[in-house]
Amino acid sequence: MKKPDISVLGDGGWGTTLAILLYNKGLPVTLWGAFEDYSREINRTRVNKRFLPGIRIPSGIIITSNLKVALSGKDIIIFAIPSQYMRGVLKKIKKIGHPPKAIYLSVTKGIEIASLKRMSEIIKDELGNLKLAVLSGPTIAHELAKRLPTTAVISSRDKPLRKYLQNIFMTDTFRIYTNDDTVGVELGGSLKNVIAIACGISDGLGFGTNTKAALLSRGLCEISRLGEAMGAKKKTFSGLSGLGDLVTTCISPYSRNKFLGEQIAKGKTLHKIKSHMQMVAEGVPTAKSAYELSRKYKVDMPIIKEIYLVLYKNKKPRKAVEYLMARERKEEY
């Protein structure tokens, strides 16, 4: 059986990590980046210093900034592009032409602000009906790149497709589960980034583990409520792309979103923090998308709303905490 030729679109830490993982399984892999100069630098040094420092990229991985080269003849195309840039890249792909029989997999965690759509919906908008799946879960790139045990879930309504991809990605340090709840998997992976900003703010204000536990548990309730309103299965949010990803992002020292929250709590402006960050903190645009979705579906999401107000309306973090603590008395569920 022919080995699938794979292209990873997006040379951030996660895209680079997946490219290395798949190549080490003996699969031909191309890694595409949007910026020619940086792709040339990675190709020369074989290290992604900006997004995955200290990890050697095998010489057999083809690195390119030419989108046509990255797409030509590929059997599996993986999208690891920041959510707010996804549609722009897809429009370029549409003009170039894409392999219609290829398998497409999104590993991006985010919701487009303009349309409030998930990544799989945007891919279908631009490229039509395809063999499409999503991958999400507690997947800190540095840990997987260092071969530390990691788990994730691949979701698609097409059972043979998700089982095929499960076999492609599974290794002795990367355990893959499957399910058919794409809505829940994408929402869990996206919305947890907003709660991670809240946890970062909590840490930055000097609060304790009690506070973080409250944010995790109540944050998960908010994510689940919105997910169910949008057609997801409640049990998905107890799984890897829900609780698993939420815990990881809220406690990991590698969490960009938690770091951003910490800096906000210390009085730095969002603009200044983002200007010093190499990687995208997906929780920032997702906070706006999630807030708009909560209004659209009439779902009560007080933590999400307060993070939106802190990020976009300059509300002071301590005022947000005071509001959350003084809300009307309620039953837990």
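Any read-out appearing in this document is the output of simple, stated calculations on the displayed coordinates, not a laboratory observation. None of the values given here were measured: they were computed from a predicted structure. No Cβ is skipped: glycine too gets one built from the backbone with ideal geometry, and neighbour counts run over all protein chains shown.
Which order results if 171, 209, 286 are arranged by neighbouring Cβ count within 10 Å, fewest first?
Least to most surrounded, the residues fall as 209, 171, 286.
Would you mind checking which residues have amide H under 5 Å from residue 34's amide H? H placed 1.01 Å from N; only 5 or more apart, or other chain.
Result for residue 34 returns 11.
Pulled fully out, how much extra length does the chain show between residue 113 and residue 170, if you take 0.36 nm times their separation in residues and subtract their Cα-Cα distance?
Extending this stretch completely gives an extra 17.3 nm.
Hey, in the chain, which Cys have no second cysteine's beta-carbon closer than 4.7 Å?
Within the chain, the cysteines lacking a partner Cβ under 4.7 Å are 221.
Given the DSSP H assignment, sum -39500 (n - 2.57) over each helix run of at least 4 residues in the chain and divide by its residue total; what's the result at 222 nm in deg cm²/dmol, nearest 500?
Calculated from helices alone, the mean residue ellipticity at 222 nm is -15000 deg cm²/dmol.
What ³J(HN,Hα) values, in whole Hz, does the Karplus curve 6.51 cos²θ - 1.76 cosθ + 1.60 give for the stretch 47-53 when θ = phi - 60°, with x put for Gly and Pro?
Karplus values, whole Hz, x for Gly and Pro: 9, 8, 4, 6, 10, 8, x.
Here are several values of Cα extents along the principal axes in Å: [x] 56, 43, 35; [y] 61, 39, 39; [z] 62, 40, 35. Which one was derived from the coordinates shown?
For Cα extents along the principal axes in Å, the calculated option is [y].
Under a point-charge model restricted to the Cβ atoms of Lys and Arg (+1) and Asp and Glu (-1), what is the dipole moment magnitude of the chain relative to its Cα centre, in debye to the nearest 20?
About 380 debye.
What are the residues whose amide H is under 5 Å from the amide H of residue 177, where those residues sit 5 or more places off or on another chain and H is modelled from the backbone?
152, 153, 154
Using θ = phi - 60° and the Karplus relation 6.51 cos²θ - 1.76 cosθ + 1.60, list the HN-Hα couplings for the stretch 223-234 in order, rounded to whole Hz, with x at every Gly or Pro.
For the stretch 223-234, the Karplus-derived couplings read 4, 5, 4, 5, x, 4, 5, 9, x, 7, 8, 4 Hz, x marking Gly and Pro.
Tabulate in residue order the Karplus-calculated ³J(HN,Hα) for the stretch 72-88, using 6.51 cos²θ - 1.76 cosθ + 1.60 with θ = phi - 60°, rounded to whole Hz; enter x for Gly and Pro.
Ordered by residue, 3J(HN,Hα) equals 4, x, 7, 9, 10, 10, 10, 9, 10, 9, x, 4, 6, 9, 4, 5, x Hz.
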